[in-house]
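Single-structure report; data block below.
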Amino acid sequence: MFLIMIIIIKNERATELRMNRRSSAFLRSARPPGAACRGPGCTFIVMRRESKKTGIRRGGNMNSRIGRIIGILIMGALAVGAVLSLQMQPPAVQPASTVMRPVTDSAGRVVQIPVRPQRVIVLNPSSLDLFYAAGGKVVGRPTTQALPDTVKTAVAAVPEVGTTANPNVEKLIALEPDLVLGVNVPPHHQLVPVLEKAGIPILLQMLDNYQQILDTLRFYGELTGRPEQSAAVIKEIEDDYRRRMANRGSQPAPEVLLVWGSTTSFQMATSNSFAGDLLRRLGAHNMADSKAGLSAKMSSVPLSLEYVSKSNPDVILLITHSSDTKVGEKFRAELAGHPAWQGLKAVSNNRVHQLPYHLFAVNPGTRVGEAVAVLERLVYPEAAR
């Protein structure tokens, strides 16, 4: 910048000298004929006097020009500095709550969701438990009692949006969520077009086995920005799981009948169900898996008394779809009244048990260790002791 200043000033001085020479030549040629001054020194004297006059005037002009040049240079330097300063500044960081990422849910849908959602609604108790375990908070929750006490306390003031089977879409939209965590079931599939129209992404997830609990915890740790917290919970669950697997030892695998029951029907749960997956991991044989015509993806098949009688299970475990005691009463009444049931080993040895609703009717989430402990005690009573 200073080099440019020096070059401009030198150019101005050169221009001034050229102008002075032209002025001198003009003065010599402009003396009128017959002027009083004659002699060889006359032209010099006139030129000298005029040169002094014009020199003073041109010196002022030159100072003015230099001042203007310096002002322009300073303004240019400031402008260049401002541009360089802007270029050196890092680009503005977009908030993570507005940055989107693609996620494929359990229904096979590719959904664009916020990297760090700030207003989350959870529609099922298992996911709510896992989301809080990963350090998350929600603005809406399901109507349910199947929650750990710590989570019940944490969400006591959070608005309810209906049961898992019957969510209230008007309440969902009114809460203005930026993400809804649902389940891959028909009632939640029906929410998809309505929420998409409102610009609200919904993930349809499944928690059908032990591994999916760990994967979901890890995913929720990413959403909450607390992967270390979710990793610590995962480690705790896996340590407990390995300890219980080691307790079983080399005991023979019992034959187990796992029954899903409601007031209207009963189904046999396969290893594709959550409880069936835990049984398989414990080394028990789930008799429903051997039923002819079973699809690889089926989580349950209709209960067949003939098939049960033929398989003669060592243990019968009942899971009810609700906490209604009428389901268990109905099942026991059928056991007592049907001759085919009376001859079963499980009935004769008093090994027919109803599993806790909060651990098996819904995925137990972070309490999966409790669910494994219950099954271990009922299926391998010697090892549990």
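The values are calculated or read from the model by the stated rules, or taken from the named source; none is laboratory data. None of these values were measured; they are calculated from a predicted model. Positions of Cβ are backbone-derived with ideal geometry, glycine not excepted, and every protein chain shown enters the neighbour counts.
Which numbered condition in (1) under 23 Å from PRO356 (Cβ atoms); (2) in contact (Cβ under 8 Å) with a residue 60 or more places away in the chain; (3) not hydroxyl-bearing (Ser, Thr, Tyr) is the only one that LEU223 fails?
Failing condition for LEU223: (1).
Given the conditions (1) more than 26 Å from GLN342 (Cβ to Cβ); (2) crowded, with 20+ Cβ neighbours inside 10 Å; (3) at pLDDT below 90, which single one is not true for ASN272?
(3)
I'm told ALA232 meets every condition in (1) surrounded by fewer than 17 Cβ atoms within 10 Å (Cβ to Cβ); (2) over 22 Å from GLY136 (Cα atoms); (3) among the hydrophobic types (A, V, I, L, M, F, W, C) except one. Can you identify the failing condition by its number?
(2)
Here's a check for you: in the range 311-326, which residue that is at pLDDT 90 or above and assigned to a loop (DSSP other than H, G, I, E, B) is surrounded by the most Cβ atoms within 10 Å (Cβ to Cβ)?
Looking at residues that are at pLDDT 90 or above and assigned to a loop (DSSP other than H, G, I, E, B), I get PRO313.
In a loop (DSSP other than H, G, I, E, B) and in contact with an Asp or Glu (Cβ under 6 Å, 6 or more places away or on another chain) - does that describe any residue in the range 121-136?
No - not one qualifying residue is present in the range 121-136.
List the pairs whose first member sits in the range 296-307 and is over 21 Å from ALA346 (Cα atoms), whose second member is aliphatic (A, V, I, L, M), and whose Cβ atoms are under 7 Å apart, counting only residues at least 6 apart or on separate chains?
SER299/ALA269
Here are ALA288, ALA275: which of them is small (Gly, Ala, Ser), over 30 Å from VAL180 (Cα atoms) and in the same structural domain as GLY365 (by TED's automatic domain parsing)?
ALA288
Looking only at the range 162-179, count every residue that is under 22 Å from the mean Cα position of the chain (by Cα), loosely packed, with under 15 Cβ neighbours inside 10 Å and assigned to a helix (DSSP H, G or I) and tell me the total.
Total satisfying the criteria: 1.
Determine whether the range 142-149 contains at least one residue that is under 20 Å from PRO201 (Cα atoms) and of a type in the set (Asp, Glu).
Checked the range 142-149: no residue is under 20 Å from PRO201 (Cα atoms) and of a type in the set (Asp, Glu).
Any residue at all in the range 226-237 that is in contact (Cβ under 8 Å) with a residue 12 or more places away in the chain and touching a Lys or Arg at 6+ places or on another chain (Cβ under 7 Å)?
Yes, because at least one residue in the range 226-237 is in contact (Cβ under 8 Å) with a residue 12 or more places away in the chain and touching a Lys or Arg at 6+ places or on another chain (Cβ under 7 Å).
From the set of residues in the range 137-148 that are within 22 Å of PRO114 (Cα to Cα) and assigned to a loop (DSSP other than H, G, I, E, B), which is farthest from the chain's Cα centre (by Cα)?
PRO142
Has the range 351-358 got any residue that is under 37 Å from the mean Cα position of the chain (by Cα), within 21 Å of THR164 (Cβ to Cβ), modelled with pLDDT of 90 or more and part of a loop (DSSP other than H, G, I, E, B)?
Taking every residue of the range 351-358 in turn, at least one turns out to be under 37 Å from the mean Cα position of the chain (by Cα), within 21 Å of THR164 (Cβ to Cβ), modelled with pLDDT of 90 or more and part of a loop (DSSP other than H, G, I, E, B).
Give the residue, chosen from GLY182, GLY221, GLY225, GLY199, that is within 21 Å of the chain's Cα centre (by Cα), closer than 30 Å to ALA288 by Cα and not assigned by TED's automatic domain parsing to the domain that holds ARG377.
GLY182
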